[in-house]
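Comments concern the structure below.
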Amino acid sequence: MTNATTHTRRLAPGTLVISVADGEPGRIIQVCTFRRNGLDAYSYVVETAAGREIWHADEVVLPVADEE
């Protein structure tokens, strides 16, 4: 497993994320389910404009900060 694969498995509540499925932004509320190791998240509860949704950890990306 590479760092690119695992970087979204230990996100803190309040972290801004974007869905790779449709580009929808959201904010992590809490971990929904953990992987077998008990440390890494399998899915998150995410607050979006449409309400709370469950997103898999592998289906989110962190937004890139503007460097202007």
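The values are calculated or read from the model by the stated rules, or taken from the named source; none is laboratory data. The model shown is predicted, which means the values in this text are computed figures rather than measured ones. Cβ placement follows ideal geometry from the backbone for every residue including glycine, while neighbour counts extend to all protein chains displayed.
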Cβ pairs under 6 Å, 6+ apart or interchain, first in the stretch 39-60 and closer than 10 Å to Gly26 by Cβ, second at pLDDT below 95 and crowded, with 18+ Cβ neighbours inside 10 Å, ordered by first then second residue, are Val60/Thr8
Counting only residues in the stretch 45-58 that are over 17 Å from Gly23 (Cβ atoms) and not basic (Lys, Arg), the one surrounded by the fewest Cβ atoms within 10 Å (Cβ to Cβ) is identified as Gly51
Note on Arg9: of the conditions (1) within 11 Å of the chain's Cα centre (by Cα); (2) modelled with pLDDT of 95 or more, unmet is (2)
